[in-house]
Structure formats: C-alpha cells, structure tokens
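Asks: I am attaching a structure below and will ask some questions about it afterwards.
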Amino acid sequence: MSLFSLFGALEVGLVFALVALGVLISFRILRFPDLTVDGSFPLGAAVAATLISAGADPWSATLAATAAGAAAGLVTGWLSVKLRIMDLLASILTMIALYSVNLRIMGRPNVPLINEPTLFTLLQPEGMSDYLLRPLVLAVVVAAAKLLLDGFFATERGLAMRAAGSNPRMARAQGVNTGRMVLGGMALSNGLVGLAGALFAQTQGGADISMGVGTIVIGLAAVIVGETLLPSRRLAWMTFAAVLGALVYRLVVAAALNSGWVGLQAQDLNLVTAVLVTAALVLPMARRRLSGRG
C-alpha cells in the first residue's frame, strides 16, 4: 500500500470515527438500535454541500449540517418516545423519509464541491499537501469530539443519560426523565454523524444521495473491532476504542483492497466488512474458551 493510500485510509477512518462515536452513544449507551445513521450521514453531506455551493461559509455550513443530523435523531427519538413506535422501526421510518428529504435539499442526486471553498482549503497553509492536511484537521476534530463526550458523560446529565440506557426502570425511580434522555442522546448521536457527513463531503469533493448506504454497518464494525482490541467498561476507554476501531477497520480494508495478491476489488468492500466483523465477534469468544481450558 502506497503512502498516498495510507493517508487516504486514515482520512476516511477519522471521518468514520465520528460515526463510530455516534453509534456508540445509540447502541451502547442508550441501547437504542438506530438505523437513522444511513440517512443522517448523507443529510449532513447534503446540507453542507448545498450551502457551500450556494456561497455560504464552510464553517456555517458544517454547523448547519451537524444541527440537521441532530434534528434527524430527534425525530427518531420522538417517534419512539412520544408515539410509542418500536425503536428499530422508528429509526427505519426516519431513514426512509430522509432519502426524499436529502433529494429535496440537493435538488438533484449529487452536488459537486470541486471548485468550492471547504474547511480544508481555508485551513491549508502554503506548501502543505492536501492529503497531509486533511487527516491532521480531522484528527483534531475527532480528538475534540472524544474529549467533549468524555466530559459530558461525566456530568450529572451525562450520568443520567447513561443510567437511562443501562437501567431505565431504576433511572425513573431516581427521578430521571428517561424519555428526555433518549431524545437528547439520539440528537447527540446523529449530530456527530451529520458532522461526519459534512466533513466527508468536503474531503471527497461533493455529496451524493447514495453515500449513506452501509454507514451503520461501518459504524458498528468500528465499535465492535474497537471493543475487541480494547475491551473496557470505562467510558473514556470506550470512546477511544471506537476511534481506534474505525482507524483499524479502514486500514485493514485499504490493505485488503490494495493487495494485488489477494485479488479483491472495490466491489468486495462489503465482503471484507462482513469477514472483519465476524472475526471481531468470534475472537473474544475463542479467547475466553482458550483461557477457560488453560
């Protein structure tokens, strides 16, 4: 794998680290099976790309994309909490609706950003290659998101949100409004995913209606791989494991697809993902069995 491919894999891995952090909140902290991610990721990309192509400031466009992702999470939470729709079905309904919403926002299947200013072009110093700058900026964003999440979940409200996901009955007995916690957690989760979509559009040169397909699978793969590599129940380590899992996942995929002797091609991405997640799920069980025999 060339140096250029390595930095490209790191760049995509850092974008999906934000997705992994969002999936960690919904699946692990709230215990909410959320498929909204497949819609909120392209939603963030669509909002950012449309605003930037219309002449908006990239910072404002990225912030609006994050807010749009949070609104999508709120809709899913509202369907589940207020209308009593099963959580998985609520997220599927929102995901389906977002396909049409994204088309409405963009007005066409894709919005290019090839000649438009982005966060990365604004921050790029003279003499520095863009393939070096993008991973550096994304690493700062991911680190900031991880540290902010760690700080939030150490607060009273964050602990209440964790309690609402871990044991809703006990949390309600302690006076926690579990419905409000679910709404806040879903907004936070999909806000991160919307931010990831906005950054992805700006790194890839545009937004496309189909760019969200399989996002939830990648996010789950990153979380599962991270938990396999770094098993821990401490939240700070869980968020770090999610980031690490996203990076390892993308590096493994890039290595597999760039290894000519393996014979894999770009269309084999889903196959590589399935094999990697299966291995991540099986290895801990095999390890426990071996340690039990020992």
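Only the coordinates and a few stated rules stand behind these numbers; no lab work does. Keep in mind it's a predicted model, so treat the numbers as computed, not measured. Quick reminder, even Gly has a Cβ in these numbers, built from the backbone with ideal geometry, and neighbours come from all protein chains shown.
Asks: Please compute the contact order of the chain in relative form: average sequence separation of alpha-carbon pairs under 8 Å and at least six residues apart, divided by the residue count, as a percent.
Replies: Relative contact order comes out at 34 percent.
Asks: Collect residues whose amide H, placed 1.01 Å from N in the peptide plane, falls under 5 Å from the amide H of G206; neighbours closer than 5 in sequence don't count.
Replies: Here the answer is L113, since their amide H atoms fall under 5 Å of that of G206.
Asks: Moving on to the next point. Multiply the residue gap between L123 and L271 by 0.36 nm, knock off their C-alpha separation, and tell me the result in nm, one decimal place.
Replies: Length difference between fully extended and current span is 49.6 nm.
Asks: Something else about it: Once you charge only the Cβ atoms, +1 for Lys and Arg and -1 for Asp and Glu, what is the size of the charge dipole of the chain about its Cα centre, to the nearest 20 debye?
Replies: The calculated dipole for the chain is roughly 1420 debye.
Asks: Please compute the net charge surrounding E11, taking Lys and Arg as +1 and Asp and Glu as -1 over other residues with Cβ under 13 Å from its Cβ.
Replies: Taking every Cβ under 13 Å from that of E11, the sum is +1.
Asks: Report the local net charge at V253: Lys and Arg +1, Asp and Glu -1, summed over other residues whose C-beta lies under 14 Å from its C-beta.
Replies: -1
Asks: Next question, about the same structure. May I ask for the percentage of alpha-carbon pairs in the stretch 1-102 that lie more than 24 Å from each other?
Replies: 32 percent
Asks: Using the Cα centre of the chain as origin and beta-carbon charges of +1 (Lys, Arg) and -1 (Asp, Glu), tell me which of F153, V23, S210 is placed farthest towards the positive end of the dipole.
Replies: Going by the Cα projections, it comes out as F153.
Asks: Stretch R288-A54 to full length: gain in nm at 0.36 nm per residue minus the Cα-Cα span?
Replies: Taking R288 through A54 to full extension adds about 78.7 nm, to one decimal.
Asks: By the scheme Lys and Arg +1, Asp and Glu -1, what is the net charge of all other residues having a beta-carbon under 10 Å from that of F240?
Replies: +1
Asks: Find which of I96, S60, L83 sits farthest along the positive direction of the dipole of the chain, computed with +1 on the beta-carbon of Lys and Arg, -1 on that of Asp and Glu, about the Cα centre.
Replies: L83
Asks: What do the square roots of 5 times the Cα gyration tensor eigenvalues come to for the stretch 34-84, in whole Å, largest first, as semi-axes of the equivalent ellipsoid?
Replies: 25, 10, 7
Asks: What would the Debye formula give as log10 I(q)/I(0) at q = 0.07, 0.08, 0.09, 0.12 Å⁻¹ for the alpha-carbon point model of the chain, no solvent?
Replies: Debye curve over Cα of the chain, log10 I(q)/I(0) at q = 0.07, 0.08, 0.09, 0.12 Å⁻¹: -0.26, -0.34, -0.44, -0.77.
Asks: A further question on this structure: Within 10 Å of each residue's Cβ, count the other Cβ atoms and sort K82, K146 from fewest upward.
Replies: Starting with the residue having the fewest Cβ neighbours, the order is K82, K146.
Asks: Hydropathy at least 1.0 by Kyte-Doolittle, axial extent at least 18 angstrom from the Cα trace: which helices of the chain, defined as entire DSSP H runs, fit?
Replies: Counting only whole DSSP H runs, the qualifying helices are 3-23, 37-53, 58-81, 87-106, 130-152, 215-229, 235-257.
Asks: Please report, for the Cα atoms of the stretch 124-250, the Rg to one decimal and the Dmax as a whole number; what are they, in angstrom?
Replies: Taking only Cα atoms of the stretch 124-250, I get Rg and Dmax of 17.1, 60 Å.
Asks: Let me ask something additional. Would you mind ranking F7, F200 by Cβ crowding within 10 Å, fewest neighbours first?
Replies: Fewest to most other Cβ atoms nearby, the residues stand as F7, F200.
Asks: What residues from the stretch 141-173 fall in the zone where the backbone N is under 18 Å from a label point 7 Å along the Cα-to-C-beta line of L230?
Replies: 141-154
Asks: Now a separate question. Using every alpha carbon pair in the stretch 1-60, what percent of pairs falls into each 5 Å bin from 0 up to the bin containing the largest distance?
Replies: Cα pair-distance distribution for the stretch 1-60, in percent: 4, 15, 16, 17, 18, 16, 11, 4.
Asks: Further question: Would you compute, from DSSP H runs of 4+ residues alone, the mean residue ellipticity of the chain at 222 nm, taking -39500 (n - 2.57) per run and dividing by the full residue count, rounded to the nearest 500?
Replies: Theoretical 222 nm ellipticity from helices: -25000 deg cm²/dmol.
Asks: Hey, how much of the P(r) for the stretch 20-170 falls beyond 24 Å, as a percent of Cα pairs?
Replies: 44 percent
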